[in-house]
Amino acid sequence: MYKIFKRFFDLISSLILLLIISPVLILICLILRFTAEGEVFFLQERIGQNNSVFKIFKFATMLKNSSKMKNGHITIKNDPRVTKLGSFLRKSKLNELPQLLNIILGDMSVVGPRPVMRVSFDAYPKSIQKHIYNSKPGLTGIGSIVFRDEEELISKAKSKGIDILHFYQKIIYPIKGDLEIWYQRNQSFFIDFKIIICTILVIIFPNWKKYNLLFKNLPSLSELSK
């Protein structure tokens, strides 16, 4: 019953939101078309439900072929590959809004584990890979809230001389995986509602980190503070 109502909510909320924000989306499309490299959308293969592959929609925020440049698929704070408008879109999370189309198409849900690239999926421990996408990936999720400042975390690790790929594989992905497994075990309408509210809060107030007050028994995040 939960999955049926969740799909209904996903479809209705996405259609309504897409209609309401269509003027903003059109404006962003026009600005992107006539600035930087003229790219509007960025399509990329991601891992979805039951570990299947789908193409995710995003607004273009980085230079073409950025994955072949320095740092590869990892984005750091003030990354030179990110365009000026792209920086704003990424900070405000407006670059994620085209994923409303993915939700309508049934590839994604409003709330769920964030879909990742194959290279990132392979960095998860095998035990996490087996279960993380038992449900549809989401536009937002508990991992999105906890790692709202992920690019800053990467930059701090790099400034300390830590290899960023090692930091991702040994610190970030194990924690992300544990968070998403926590969601799998606790998902409900109430948890989804709290995640949506927290997502709005961290977008408006980037330094807000009171999510522990709303979500009990989250996996330890102590490794992030080392």
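What follows draws every value from the coordinates through simple rules; no lab data is involved. Remember, predicted model here, so these are calculated numbers, not experimental data. With ideal geometry, Cβ positions are generated from the backbone for all residues, glycine too; neighbour counts draw on all protein chains shown.
Tabulated data for the structure shown
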read-out	value
Percentage relative contact order, region 2-225, counting C-alpha pairs under 8 Å, at least six apart	19 percent
In order through region 115-121: 3J(HN,Hα) via Karplus (6.51 cos²θ - 1.76 cosθ + 1.60), integer Hz, x for Gly, Pro	x, 10, 6, 4, 4, 6, 4
Share, in percent, of DSSP beta bridges within the chain that are antiparallel, nearest 5	80 percent
Mean ellipticity per residue at 222 nm, deg cm²/dmol - from DSSP H runs of n ≥ 4 across the chain, formula -39500 (n - 2.57)	-14000 deg cm²/dmol
Rh (Kirkwood; distinct C-alpha pairs) - region 100-191, Å	13.9 Å
Per-residue Cβ neighbour rank within 10 angstrom, fewest leading, Lys216, Lys176, Lys194, Lys64	Lys216, Lys64, Lys194, Lys176
